[in-house]
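Trainee: Quick one: the structure is below, and I'll ask about it shortly.
Throughout, read-outs are computed from the coordinates displayed, never taken from laboratory work. Nothing here was measured: the structure is a model prediction, and the numbers come from that model. All Cβ positions, glycine included, derive from the backbone under ideal geometry; neighbour counts span all protein chains shown.
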Amino acid sequence: MAKFSEARREAIRRPVIFVIACLLFLLSQFYRASVAVITPDLIRDLSMDTAGLSMISAAFFYGFALMQIPISMYLDGIGPRVSMTVLSLIAVMGAVMFARGHSLSVLVTGRVLIGIGMACSLMGTLKLITLWYAPRHFGTLSAMVFSLGTVGNLVAATPLVLMVQAMGWRNSFLMIAVINLVLTFLFYLIARDRPESSCLGGIPEPASTRIREIRGNLGSLFGEKDYWIISLGTFCRYGIYAAALSLWAAPFLINVMGISVLSAGNLLFLMSIGMAAGSPVFGWLSDVVLKSRKPVIVFGLVAMAADLSFLTRLSSGAGMTALCILFFGFGFFASSGGLMYAHIKERMPAELAGTAMTGINFFTMIGVALFLQGLGNMMQFFHPGKSLGAGAFTDAFLFCAACLLVTAVIYSFTVETLGGNGGKGKFGYSFFKMVFRRP
């Protein structure tokens with residue numbers, strides 16, 4: 001009877017842990033993109049230029065990326081409950097500092113702390129799924145995590161604009177900090193690293209954190225050519241997409257295209273919808289239709305470059321129809337890069353898959369930081385006094401398009417992995433199952 005009651009408690013606890021962890025990941029996605037729609041407020045209140053704006057936005061990604069190294073080394077040993085709780089509290093501190101900041105240095109520090117605090121939200125959630133659910137559920141639940149994370153990007157668009165209009169950007173971020181604190185408190189109270197009962201079976205024990213073993217795995221990983229090529233792919237693909245979503249798209253729309261802040265938020269919302277819609281489509285194309293990884297990924301990179309090139313051809317007052325198509329298309333084509341996670345997982349030995357995916361996550365986040373700050377500095381350097389003008393954005397978007405085309409060429413030299421494994425999954429599901437199934 002005691003064992004039955006224990007199993008029943010864990011059956012109730014399991015979905016609650018999953019939901020709270022997903023909400024923390026949703027917050028992470030929100031924080032990433034939240035600077036874009038408040039750029040007019042930052043420019044007005046703090047007299048920011050493009051270099052300052054890019055530094056504020058990039059700070060989150062620097063903190064996030066640098067934390068991937070210790071997370072990959074110690075998450076399995078320390079456990080997700082303590083790791084996610086401590087880091088989430090750091091994010092709360094950062095959000096409060098950002099909301100109360102009146103100088104560039106304070107705002108940047110706050111964003112760095114938020115990035116550090118959110119660095120474990122995705123990997124910690126995936127780790128909890130491996131410990132609390134049977135392996136056959138991992139693909140579906142992982143897909144749900146990413147879908148809920150997309151909601152964070154959506155909230156950082158039109159809903160955040162409305163919130164800022166109602167209570168100001170500082171009070172809005174203080175409210176988000178309170179929500180973050182409540183979720184962190186609930187997570188610590190409810191979450192456990194692993195179920196006490198053995199009803200699932202096969203739950204792995206905490207991993208070793210010995211430096212020698214970690215160093216050996218990293219050495220094997222770094223010796224693989226495709227690891228570096230795929231890392232370059234996700235560096236440019238997500239770096240450029242997120243740099244646009246989290247900062248540069250909004251001032252382009254407001255200052256160059258001449259549309260309202262609310263309309264800009266709607267277009268960012270649409271870009272996130274495109275990302276969410278494209279993931280299952282490209283997964284289906286890769287798994288079922290083409291039964292191949294490289295052509296789908298290369299096509300997505302080229303299509304992103306073409307989309308950016310078309311944006312540079314638009315003039316002020318361009319119709320919303322064209323903007324809607326291009327912004328939805330940019331998110332849609334960018335979603336093809338999700339296959340890079342499947343590609344790296346299939347290219348690496350099973351014992352290195354986790355380390356490889358965490359390493360890819362590092363390049364994903366550092367790419368955003370470098371494109372955010374690099375584009376801002378480039379625009380400021382080549383267009384002093386007009387860094388938010390049409391010429392500056394044209395140069396920035398064409399530079400990003402060129403990076404994507406070069407990346408597409410280099411990516412074509414990777415080894416194809418799918419072979420004859422396609423065609424076994426349902427629409428979109430086989431992609432998520434392949435990327436996230438347990439080794």
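Trainee: Applying a 10 Å radius around every beta-carbon, put 28-36, 310-318 in order of their mean neighbour count, most first.
Mentor: So the peptides 28-36, 310-318, ranked by packing, come out 28-36, 310-318.
Trainee: A follow-up question, please. So, by mean Cβ neighbours within 10 angstrom, what's the order for 8-15, 321-328 with the highest one leading?
Mentor: Order by mean packing, descending: 321-328, 8-15.
Trainee: What ³J(HN,Hα) values, in whole Hz, does the Karplus curve 6.51 cos²θ - 1.76 cosθ + 1.60 give for the stretch 383-396 when θ = phi - 60°, with x put for Gly and Pro?
Mentor: Per residue, the Karplus-derived 3J(HN,Hα) values read 9, x, x, 9, 5, 10, x, 5, x, 5, 6, 4, 4, 5 Hz.
Trainee: Starting with the highest mean, order 411-417, 270-276 by the number of other Cβ atoms within 10 Å, averaged over the residues of each peptide.
Mentor: Top to bottom by mean Cβ count within 10 Å: 270-276, 411-417.
Trainee: Gain in length, ALA166 to ALA318, computed as 0.36 nm per residue apart minus the alpha-carbon separation, to one decimal in nm?
Mentor: That pair, ALA166 and ALA318, stretches by 51.8 nm at full extension.
Trainee: Hey, another quick one. Taking θ = phi - 60°, what integer Hz values does the Karplus form 6.51 cos²θ - 1.76 cosθ + 1.60 yield along the stretch 122-130, in sequence order, with x for Gly and Pro?
Mentor: Going residue by residue, I get 6, 5, x, 5, 5, 5, 4, 4, 5 Hz, with x marking Gly and Pro.
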